[in-house]
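One structure is given below, encoded as structure tokens.
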Amino acid sequence: MKINYQETTSDLLTRIDIHNKYGGRNIDDWMLQLLPLRKGMKILDVACGAGKQCFSFFQALDGDADITGGDVSEDLLAKARQENARTGNRVKFTELNFNQRFPFEDNTFDMLSCCFAIYYAEDIPFTIREMHRVLKPGGHLFTSGPMPENKQLFYDVIREATDKPIPPMPGSSRYGSQILDAMQATFAKVDVNIFENPLTFDDVQPFIDYTRASLSEDRKLWSSFFQGKEDFERMMQAITTAAQRRQEKDGKLVMTKVVGGFVATR
Ligand SMILES: C[S@@+](CC[C@H](N)C(=O)[O-])C[C@H]1O[C@@H](n2cnc3c(N)ncnc32)[C@H](O)[C@@H]1O
């Protein structure tokens, strides 16, 4: 499946900020608990974006680790490098396209992570085999992604506002099935962990900000919902009205993130 997907820097950062502000739980704490981290280890974070997970590993290991983050987006890498400069340039950031052979030797890393991204790969088994190849024997791959029940409220409100069927999302429609299967086919052992984080909004604005950051014109997945900017704004108005109705009825909006964290052992 070819997916024309490009994350917009401001959209990604908006969503991360909303998770931090309105979520009851911290996903990085959950991830760190699941992973067999130890000082001195060599880590590659694939599709690192602005470096969120790289900096989490760096902090958790008190800076005693060799961490590389790779991404295809120059814009997000620039953000990551900005933060890296602020903290002493201790993480390496590099261009990496996970649809191509990774620019690393076999058996290089103790741990690989790929958070909220593997489902954008053009050929998932290929990308997972590349991850397996560059891991040392006994090394671990951590992936995270949305499960089918993820952010039900978001889809319910959009369906109510537009009366259109939701297109299958590359993440939530495949992560817990096709992608888990591909990991199980390549790795000796895969443990499945689930993280639930209710985001509670007392008014509609942050929910609308989140919706915009998930649906903006740059995200080609929603092309059947709107054509161009004006149409997008009309749809956002209908979504706002539907969200307001629910908020008035229930006094708040609760959107629960349901995330799978798969830990594979090579
Ligand atoms: C939802 S973001 C997640 C970023 C980061 N892991 C995080 O959790 O903040 C998805 C990431 O996948 C990256 N990505 C998409 N296609 C890619 C490709 N072909 N190779 C490498 N990274 C890619 C995007 O640039 C973006 O940084």
**Asked** Share of Cα-Cα pairs in region 9-265 beyond 30 Å, in percent?
**Response** 30 percent
**Message:** With angles folded into 0 to 90 degrees, how steeply does helix 74-86 sit against the dominant principal axis of the chain? Use alpha carbons for both and round to 10.
**Reply:** 70 degrees
**Message:** With angles folded into 0 to 90 degrees, how steeply does helix 228-250 sit against the dominant principal axis of the chain? Use alpha carbons for both and round to 10.
**Reply:** 80 degrees
**Prompt:** With the contact rule set at Cα under 8 Å and sequence spacing of 6 or more, what percent relative contact order holds for the chain?
**Reply:** 24 percent
**Message:** Over all directions, how big on average is the projection of the convex hull of the alpha-carbon atoms in region 111-224, in square nanometres?
**Reply:** 8.4 nm²
**Asked** With each run of n ≥ 4 DSSP H residues scored as -39500 (n - 2.57), what mean residue ellipticity at 222 nm is computed for the chain after dividing by its residue count and rounding to the nearest 500 deg cm²/dmol?
**Response** -12500 deg cm²/dmol
**Prompt:** Can you list the aspartates and glutamates whose alpha carbon sits under 17 Å from that of residue 92, skipping same-chain ones fewer than 8 residues off?
**Reply:** 45, 62, 64, 66, 71, 74, 75, 83, 105, 110
**Prompt:** To the nearest 10 degrees, how steep is helix 152-162 against the longest Cα principal axis of the chain, on a 0 to 90 scale?
**Reply:** 40 degrees
**Within region 9-265, percent of DSSP bridges classed antiparallel, to nearest 5** = 55 percent
**Prompt:** Computed over the Cα atoms of region 1-114, what is the convex hull's projected area averaged over all directions, in nm²?
**Reply:** 8.2 nm²
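Throughout, read-outs are computed from the coordinates displayed, never taken from laboratory work. The structure presented is a predicted model; accordingly, all values stated were derived computationally and were not measured.
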